[in-house]
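Okay, so here's the structure we're looking at.
All of the numbers you see were taken from the coordinates with simple rules; none came from a lab. Keep in mind that what you see is a predicted model, and the values were worked out from it rather than measured. When we count neighbours, we look across all protein chains shown, and the Cβ atoms used for this are built from the backbone with ideal geometry, even at glycine.
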Amino acid sequence: MADRIRFVLNDQPVELDGLSPMTTLLDWLRDHRGLKGTKEGCAEGDCGACTVVLERADGQREAMNSCIALLGQIDGQAVRTVEGLHGPGGGGPHAVQVAMAESDATQCGFCTPGFVMSAYAFATGGEKAELDTIHDALAGNLCRCTGYRPIVEAMTKVAGLPVEPAPRLSTRAGSASFDGSFHAPRSLAELLAMRARQPEALLLAGATDLGLLASRARKPPAAVIHVAHVPELTAVRETDKQVTIGAAASYAQAMPALIASYPALKTYLARLGSRQIRSMGTLGGNIGTASPIGDMPPVLIALEARLRLTSTRGARELPLEDFFLDYRKTALAADEVIESITVPKLWPHEVFFCDKLSKRRDQDISTVAAGYRLRIESGRIDDVRIAFGGMAATPRRARTVEAALKKDGFAAAIAAIETEFKPIDDWRGSAAYRLQAARNLLRRLELRVASPMHAVDVEAL
Ligand SMILES: Cc1cc2nc3c(=O)[nH]c(=O)nc-3n(C[C@H](O)[C@H](O)[C@H](O)COP(=O)(O)OP(=O)(O)OC[C@H]3O[C@@H](n4cnc5c(N)ncnc54)[C@H](O)[C@@H]3O)c2cc1C
Ligand code: FES
Ligand code: FES
């Protein structure tokens, strides 16, 4: 018998039959379940009108965009929509809804359920009512009429609400396959065997890139292998020498270890998508999609990250800088998966910085991004790795810039930018803009190196 998708919706178990696992959660909620509180604004993860809350097995609550989530991904999870919020004893509005109403935080109301759900995840997540945290929690929600001040005010009233545990389903013992098109292995061996059998099926991790095919283009992939239930791909491990992030660990899961080892990533990662995107999106997906403007490749290349690429033939290690071959072309073989990403920790005398330039501060992919790892002893730069995104068809290392910096200093490195890169020219930024931006970022690096105490606090533009 074919497997059925099972999950918990607003505390009630749900089992689906006869529905494509590629249906978006939003379409199912609205068109099949009649729950119209969750709205479709942009259908591409940008506006937050479709926000629902994922209630993880460990009790963690995370806002997510239902417009780009596929039903097959929700199997085994617990989801709460705005209709699942209620006051004490099950009646009346939830405290978050009361706060929104009392703060006059809604006008036309279209964005409001999305804000309420982001506020609910924040309010029950044990976070403090600090302005930066509230802005971070709301960065994935847009309102076009109320204005954000009253919404922020409502958020300050609800921080630290007690957590109400959601009922959960028992975990599936083995792999599942929905409709013959959505395969969800539960072990690495099963994943690799499926990958070898079906090299044409797309690997799916968080779906924050691939989900757009189903949502915006309304052309979902024909077949996917969902990697998010494979323990080897979701583990985050750390030794005193390195951090290893499973390729399918979400940003939210990977961030504590990454930020602890490379503090400059705190601001950088806060600007990667929104909380909704970071609760689903993964490093493996960011690397696998091989965009020239993905945020993580340049910083990971600068940090000398290595990939573990695995297939039924065995596993191999590849420096990330050798993974990107050409525009959207990678060294991944048809039967391989990215299993994990290992990043060496900083040695004594090493510093790491990174920058992201984008048209908008929040929720925007970079125009130019850069990572820099330097070893500085007695004021001398002994070693340096610099990598840029948005400057070529692939994210890549700036070797002539590095050599010039080591030999002749920053002025030479800045001059070498033009020799190193012939940047892409598109609506995000002209080639001339990108060249100038890269020069300016090196100038900023020079100031940071001259004043290291100031450096980590420099706010990315
Ligand atoms: C609103 C919005 C904002 C965004 N903002 C940013 C941003 O600021 N910066 C940024 O860099 N990106 C951004 N993105 C893009 C996206 O969130 C990231 O690229 C994310 O890391 C993709 O991860 P995923 O797990 O969702 O990938 P998926 O969509 O699941 O997969 C993406 C690609 O990677 C492949 N893949 C997935 N896992 C593996 C694996 N283990 N091995 C090999 N291949 C694999 C898939 O086959 C697919 O080709 C944004 C996206 C949206 C919708
Ligand atoms: S509809 Fe805009 S983020 Fe989903
Ligand atoms: S209240 Fe109208 S878009 Fe926010």
Legend entry - Computed [θ] at 222 nm, deg cm²/dmol, the chain (DSSP H ≥ 4; -39,500 (n - 2.57); rounded to nearest 500): -8500 deg cm²/dmol
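As an exercise, find the ratio Rg/Rh for the stretch 1-164 from alpha-carbon atoms, using the Kirkwood inverse-distance average for Rh. Spell out each step's value before the answer.
Details: Rg = 15.5 Å, Rh = 16.0 Å.
Value, to two decimals: 0.97.
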Inset, instruction - Over the chain, calculate the relative contact order: mean separation of alpha carbon pairs under 8 Å at least 6 apart, over the residue count, as a percent. - result: 12
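Rounded to the nearest 0.05, what FRET efficiency do Arg443 and Ser170 give with R0 = 60 Å and r taken as the Cβ-Cβ distance? Could you check? The partial results should precede the final answer.
Values: r = 57 Å, r/R0 = 0.95.
Rounded to the nearest 0.05, the efficiency is 0.60.
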Legend entry - Cα Rg, Dmax, the stretch 169-209, angstrom units: 10.9, 32
Inset, instruction - List the relative contact order of the stretch 350-459 as a percent without decimals, with contacts defined as Cα pairs under 8 Å and 6+ residues apart. - result: 19
Inset, instruction - Go ahead and collect, in residue order, the members of the stretch 421-445 whose backbone nitrogen is under 19 Å from a label point 7 Å along the Cα-Cβ direction of Arg399. - result: 421-423
Inset, instruction - Could you sort out which of Lys356/Lys422; Lys241/Lys422; Lys266/Lys406; Lys219/Lys329; Lys36/Lys356; Lys219/Lys422 sit more than 30 Å apart by Cα distance in this structure? - result: Lys241/Lys422; Lys36/Lys356; Lys219/Lys422
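Once you keep just the Cα pairs under 8 angstrom separated by 6 or more residues, what percentage relative contact order results for the stretch 340-408? Numbers along the way, then the final one.
Values: 101 pairs, mean separation 15.0, N = 69.
Taking the mean separation of contacting Cα pairs over the length of the stretch 340-408, I get 22 percent.
I need the calculated FRET efficiency for the pair Gln12 and Cys42, taking r as the beta carbon distance and R₀ as 30 Å, to the nearest 0.05.
On the way: r = 29 Å, r/R0 = 0.96.
The computed FRET efficiency comes out at 0.55.
Evaluate the charge dipole of the chain about its Cα centre and quote only its size in Debye, nearest 20, assuming +1 on the Cβ of each Lys and Arg and -1 on the Cβ of each Asp and Glu.
Numbers: 54 positive and 54 negative charges, 131 e Å.
It works out to roughly 620 debye.
At 0.36 nm per residue, and after removing the present C-alpha to C-alpha distance, how many nm does the segment from Glu153 to Leu346 gain when stretched out fully? Let's see the in-between values first.
Values: separation 193, 0.36 × 193 = 69.48 nm, distance 4.03 nm.
Gain in length upon complete extension: 65.4 nm.
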Legend entry - Förster radius 25 Å - calculated FRET efficiency between Glu127 and Lys241, Cβ distance, rounded to 0.05: 0.20
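Could you give the size of the charge dipole of the stretch 278-385 about its Cα centre, using +1 on the Cβ of each K and R and -1 on the Cβ of each D and E, expressed in debye and rounded to the nearest 20?
Numbers: 16 positive and 16 negative charges, 51 e Å.
Here the size comes out at about 240 debye.
Using the Kirkwood formula over every pair of different C-alpha atoms, what hydrodynamic radius in Å results for the chain?
Details: mean 1/r = 0.0433 Å⁻¹.
Its Kirkwood hydrodynamic radius stands at 23.1 Å.
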Legend entry - Inter-centroid distance (Cα atoms) of the stretch 367-415 relative to the stretch 1-51, Å: 46
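Please list the helices of the chain that count as membrane-span-like by this rule: a mean Kyte-Doolittle hydropathy of at least 0.0 together with Cα atoms stretching 27 Å or more along the helix axis, each helix being a complete DSSP H run. Don't skip to the end; give the middle numbers.
Numbers: long enough: 431-450 (29 Å, -0.11).
Both cut-offs are met by no helix.
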Inset, instruction - Could you give the spread of the C-alpha atoms of the stretch 350-461 along their three principal axes, from largest to smallest, in whole angstroms? - result: 43, 30, 19
